[in-house]
Amino acid sequence: SNTIIVGTDDANVWVTTNLGATWTNVDAGLPNRWITRVRFDPTNRNIAYVTCSGFRFDVRLPHVFRTTNLGATWQDISGNLPEAPVTVILVDPQYTNRLYVGTDVGCYFTTNTGATWQPMGTALPNVAVSDMQLHQPTRIARAFTHGRSAWQISLDSLVITDVAEETSQPTTF
């Protein structure tokens, strides 16, 4: 695709639809925070997500935002996340209403595009997560932490508490 989105440590988000020939600033409505991650929805180039950290400003509020119009407007989807910087976001390519985030206090997921969040498993310590990856063929998510190694969990084994989705047996992260 010719569409690229980037975030910077000075609170800017930029998008290009012509492989970088021209860029448009699309951070209107986002807080003045370090942009920690940007991610497109794998099925719709107009939908993107931004995570922010207020760590350097001593602001612990979680910040996860979603756009459905390539950054023209943003919606805060932080919901009930704990008060901690958010460092990474994954969009489930199989269920795009499911999002997974790494924060300074562990990993969380939503099945309703950020209306409500819940912890991913029970074994991951209360630790800063600096990156996450999804291995789609096995549906294994891996979280990479600051000082506590790497952890993994099967996404298909997460307990879904949203009444609109079927629940499964709990697993540990």
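The values are calculated or read from the model by the stated rules, or taken from the named source; none is laboratory data. Values in this document were obtained by computation on a predicted structure and should not be read as measured data. Positions of Cβ are generated from backbone atoms using ideal geometry, with glycine treated the same way; all protein chains shown enter the neighbour counts. Areas reflect the complete protein model, heavy atoms only, side chains present, ligands, DNA and RNA absent. Shrake-Rupley method; radii C 1.70, N 1.55, O 1.52, S 1.80 Å.
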Exercise for the section: Treat every Asp and Glu Cβ in the chain as -1 and every Lys and Arg Cβ as +1, leave all other atoms uncharged, and give the resulting dipole magnitude about the Cα centre to the nearest 20 debye. Expected result: 260 debye
Exercise for the section: Can you pull the one-decimal nm distance between simple spin-label points at Gln118 and Asp9, each 7 Å off the Cα toward Cβ? Expected result: 3.7 nm
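May I ask for the net charge around Gln94, where only other residues with Cβ less than 12 Å from the Cβ of Gln94 are counted and Lys, Arg are +1 while Asp, Glu are -1? Working shown, then result.
Values: positive: Arg98, Arg139; negative: Asp92, Asp156.
Neighbourhood net charge equals 0.
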Problem - Rounded accessible area per residue of segment 24-173, 1.4 Å, Å² - result: 48 Å²
Fill in the blank from the handout: Debye calc, one equal point scatterer per Cα of the chain, no solvent, log10 I(q)/I(0) at q = 0.13, 0.14, 0.16 1/Å comes to -0.61, -0.71, -0.93
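Over the chain, with every protein chain in place, what whole percent of the accessible area is carbon and sulfur at 1.4 Å, could you tell me?
Working: 4240 of 8480 Å².
Of the solvent-accessible surface of the chain, carbon and sulfur hold 50 percent.
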Problem - Reciprocal mean inverse distance between Cα atoms of segment 1-96 - Kirkwood radius, Å - result: 13.5 Å
Practice task
State, to one decimal in nm, how far the label point of Thr22 lies from the label point of Thr96, with both points 7 Å from Cα in the Cβ direction.
Solution key: 2.6 nm
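For Asn44 and His146, what does the FRET efficiency come to when R0 = 35 Å and r is the distance between their Cβ atoms, rounded to the nearest 0.05?
Plugging the Cβ-Cβ distance into 1/(1 + (r/R0)^6) gives 0.60.
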Practice task
Take the alpha-carbon positions of segment 42-126, form their convex hull, and give its projected area averaged over all directions (one quarter of the hull surface) in nm².
Solution key: 5.7 nm²
